[in-house]
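Worksheet for the structure shown next.
The values are calculated or read from the model by the stated rules, or taken from the named source; none is laboratory data. Note that the structure is predicted; figures quoted are calculated from it, not measured. Here the Cβ positions follow ideal geometry from the backbone for every residue, glycine too, while neighbour counts run over all protein chains shown.
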Amino acid sequence: MGLKDKLEFPGQVHETPDGGFMITKLDDVINWARSNSMWPLAFGTSCCAIEMMHTVNAKYDWSRFGFEVMRATPRQADLIIVSGTIVMKMAPVLKRLYDQMPEPRYVIAMGACTISGGPFFYNTYSVVKGIDHIIPVDVFVPGCPPRPEALLHSMIALQEKIKNDAYFRKQVDKK
Amino acid sequence: MLLGEEDHFNEEGEFVINIGPQHPSTHGVLRLKVWLDGETIKKVEPHLGYIHRSIEKMSESFSYRQFGYITSRMDYLSAHMNNQACALVVEKALQVEVPARAQVIRIILCELSRLSSHLLWFASAGLDLGGVTPFFYAFREREAINSIMEETCGARLTQNFMVPGGIITDLQPDFQKRIKEVLKQFKDNYHEYNEILIGNVIFQNRMKDVGVLTREDAIALGCTGPVARASGLSCDIRKHYPYDGYEKIQFDEVILTGGDSWARCEVRMAEMLQSVHIIEQLIDNIPEGDIVAKTKNVIKLPKGEFYQRVETARGELGVYIVSDGGSTPYRCKYRSPNFSNLMAIPHISKGHKIGDLIAIMATIDLIIPDIDR
Amino acid sequence: MCEIHKLKMTNEELKNSFAQIFPAVTFDETGEFLTAFIPSEALLPVMKELRSKKELYFDYLFCLTCVDWKDHLMMVYFLNSKTHNHTIVVKAKITDTINPKIESVYDIWKTAELNEDEIFDLFGVNFLNHPNLRRIFLEDDWVGYPLRKNYVDEHMIEL
């Protein structure tokens, strides 16, 4: 399945003389819409943030995948890309930012520091060894820092995950 | 509340707010506690440590070959200069002579990363004041420089290219050709930078007479780099304490006397051209020969104390090593340029409006991991 | 700009001028810079003289740090004169490692404020008459001083 098919609207079109109708699942439509309009939070602590800025820019251009609306406040964001080391003092702040984001929310852990502490694993007294100690992570991107292509790949992987998620149905079942 | 537990208004009726640690215009996780009277700033207090990664403690357990590597994560935009400082301090202690080829390549790469660092300043200064387009312009050139870095050093950002005694690997065959292409591209586009941001009346009005730092204050606060040079203080380490053959190179130290945000912008814009000028002198004259001097496999520094300073894109970086004769540093201290430049912010933003604080922060151009280390 | 190097003092001249301020000083010339050792009690008056004396005029404190030598702490002040361009390192020994304290030099060089905060945070040295002594890097309730050699952290993974 190529990229073009992934972006196509999910469902079967049935043509009729005065237009047409379409059969699809509500979950599929909602997930299609959600996955192609992710709003990331403008959050960066260190080196990886620079590579994230490169991904925003013209050469890599993540708006091709619907990520272009960078939000300054967590209340309007549904994706947090943790780019850079998280230390003990920053951990409560990150948790608070995550808590402020509306559901459904997603996390990409960018770079070795966020996976395990990376270069700051040994002999350090202040680094959190992996942000999954603080918040749940959807996609891990290795690298120090990862290339922009790797970040784009992680975003496409996240879109796959959202498309296969039955989020809406789960909400109905709860009620 | 997690940040700032006190009531927002204190007894004097001042309004206390926190800018950061998560704030789109602080370029990282700097937290400034600001006391306001209406919109006027009464006092600013920096709170640090949101990216304190204990680099100095880690350095005490790394060998002299390893300890430089962690510094490219400190000021990641001047990664080459940070590595160079660590390599130079070991060379100074061992009295190793660096081959001429390695010295020239070091200078070319350092100036290239200074250029790319100032480009990032240009991008984010525009972004902080609401101009998105300069961001795309500057990253066009940064992307070209990054791909040269990747081809030469194997990494786009945290290069780790300088080792004690020289450089880690030789150049790629079309290094010179690609550098010339980038320089040509930059020089052809330089007028665009002036047209889109620097020549913009709104930008100039936001910058002129804002955040004036006098020469005396710059000395007292320990400011270095473009921040101090905009206040008329001659402090370029490349001129005063030349290293790696900077004494043989023709370039001007850009010194302005305005001291305001606008002068800091002009210094950086002029320094970009100086970096290009330095690279142009060297690019056709890279000598042949060795790229690294012979050192022992396990480096042991003689007992004593060693201090080495280099000029990074943001000012004077000092590496202070205390050796007890072993294979790891006994104490390793980084005198980081951003830490001293940060102290200028509380001093010069007093009495300005809160919007000007963003403009001041943009021109001081801080890298927070270098402050916290 | 041109007259900077004219008034630069040699190490011998620096030693003589320093001895006039504080006769009990000892020197070490093995390193790159001239190093002067003074007791920590005498720090503030000596530093004031170094800053204000016209022929010395050390107006630029470019590095301020501390070294833990297990039985004592050593404060290290790197001083430079922007007018004369000579450099000196002043070291002050703090013998009390349980409750170390020394005078703050904030009144002389403003750059000392955050640098002394950093040393308080990582070494636990108390600076007397400091305007706002606080932990700047670590949380307020952090136990211990990480850059001290006797610091233990059970969560730290040794290489």
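Brief remarks follow.
- Test: residue in region A:164-174 that is surrounded by 17 or more Cβ atoms within 10 Å (Cβ to Cβ) and under 10 Å from the mean Cα position of the chain (by Cα): no
- Meets criteria (over 22 Å from B:Leu157 (Cβ atoms) and part of a loop (DSSP other than H, G, I, E, B)) for B:Glu11: yes
- If the condition is being at the interface with chain C (Cβ under 9 Å from one of its Cβ atoms) and at positive phi, then region B:298-352 contributes only B:Gly304.
- Among the conditions (1) more than 8 Å from chain B (Cβ to nearest Cβ); (2) in contact (Cβ under 8 Å) with a residue 40 or more places away in the chain; (3) of a type in the set (A, V, I, L, M), C:Leu61 misses just one, which is (1).
- Of the helices (runs of 4 or more DSSP H) lying entirely inside region B:157-242, those carrying at least 1 residues that are in contact with a strand residue (DSSP E or B) (Cβ under 8 Å, 6 or more places away or on another chain) and within 27 Å of B:Ile108 (Cα to Cα) are B:225-229, B:237-240.
- Checked against (1) of a type in the set (A, V, I, L, M, F, W, C); (2) touching a helix residue (DSSP H, G or I) at 6+ places or on another chain (Cβ under 8 Å); (3) over 15 Å from B:Ser124 (Cβ atoms); (4) more than 10 Å from chain B (Cβ to nearest Cβ), A:Ala33 meets all criteria but (2).
- Scanning region A:38-55 for residues that are over 14 Å from the mean Cα position of the chain (by Cα) and closer than 16 Å to A:Ala150 by Cα returns A:Cys47, A:Cys48, A:Ala49, A:Ile50, A:Glu51, A:Met53, A:His54.
- Odd one out for C:Ile157 among (1) touching a residue at least 12 places away in the same chain (Cβ under 8 Å); (2) more than 10 Å from chain B (Cβ to nearest Cβ): (1)
- Residues of region C:100-118 classified as hydrophobic (A, V, I, L, M, F, W, C) and either without any contact (Cβ under 8 Å) to a residue 24 or more places away in the chain or facing chain B (nearest Cβ under 10 Å) (or both), total: 4
- Residue ID - surrounded by the most Cβ atoms within 10 Å (Cβ to Cβ), chosen from residues in region C:24-57 that are assigned to a strand (DSSP E or B) and free of Cβ contacts under 8 Å to residues at least 12 places away in the same chain: C:Asp28
- Filter result for C:Glu139 (charged (D, E, K, R), in a loop (DSSP other than H, G, I, E, B), within 11 Å of another protein chain (Cβ to nearest Cβ) and over 26 Å from B:Asn341 (Cβ atoms)): no
- Every residue from region A:62-89 that is in a loop (DSSP other than H, G, I, E, B), buried (at least 20 other Cβ atoms within 10 Å of the Cβ) and either away from chain B (no Cβ under 12 Å) or in contact with a helix residue (DSSP H, G or I) (Cβ under 7 Å, 6 or more places away or on another chain) (or both): A:Phe67, A:Gly84, A:Thr85, A:Ile86
- Conditions (1) surrounded by 15 or more Cβ atoms within 10 Å (Cβ to Cβ); (2) under 21 Å from the mean Cα position of the chain (by Cα); number of the one not met by B:Leu197: (2)
- A Cβ distance below 7 Å, combined with a sequence gap of six or more or placement on separate chains, defines the contacts here; from region B:303-318, residues that are farther than 11 Å from B:Gly225 by Cβ reach residues that are basic (Lys, Arg) and buried (at least 24 other Cβ atoms within 10 Å of the Cβ) in the pairs B:Gly318/B:Arg309.
- Matching residues in region B:36-48 - criterion: being within 13 Å of chain C (Cβ to nearest Cβ) and either more than 20 Å from the chain's Cα centre (by Cα) or not in a strand (DSSP E or B) (or both): B:Lys43, B:Val44, B:Glu45, B:His47, B:Leu48
- Any hit, region A:112-127, residues being away from chain C (no Cβ under 14 Å) and either assigned to a loop (DSSP other than H, G, I, E, B) or of a type in the set (Lys, Arg) (or both): no
- Contact map, region B:49-63: residues that are more than 7 Å from chain C (Cβ to nearest Cβ) paired with residues that are among the basic types (Lys, Arg), Cβ distance under 8 Å, separation 6+ or inter-chain. Pairs shown: B:Tyr50/A:Lys89; B:Tyr50/B:Arg31; B:Arg53/B:Arg73; B:Arg53/B:Arg373; B:Ile55/B:Arg73; B:Ile55/B:Arg373; B:Glu60/B:Arg331.
- Residue selected from region A:90-127 under the condition in contact with a Gly (Cβ under 7 Å, 6 or more places away or on another chain) and aliphatic (A, V, I, L, M), by the criterion surrounded by the most Cβ atoms within 10 Å (Cβ to Cβ): A:Val127
- The set of residues in region B:228-254 that are buried (at least 19 other Cβ atoms within 10 Å of the Cβ) and closer than 19 Å to C:Tyr60 by Cβ comprises B:Ala228, B:Arg229, B:Ala230, B:Ser231, B:Leu233, B:Cys235, B:Asp236, B:Ile237, B:Arg238.
- Flag not set for C:His72, criterion: in contact with a helix residue (DSSP H, G or I) (Cβ under 7 Å, 6 or more places away or on another chain) and either modelled with pLDDT of 85 or more or over 24 Å from B:Leu221 (Cβ atoms) (or both).
- Checked against (1) within 9 Å of another protein chain (Cβ to nearest Cβ); (2) buried (at least 19 other Cβ atoms within 10 Å of the Cβ), C:Asn132 passes all but a single condition, namely (2).
- Tally, over region A:90-111, of residues that are outside any loop (DSSP other than H, G, I, E, B), over 19 Å from B:Ile368 (Cβ atoms) and either without any contact (Cβ under 8 Å) to a residue 60 or more places away in the chain or of a type in the set (D, E, K, R) (or both): 7
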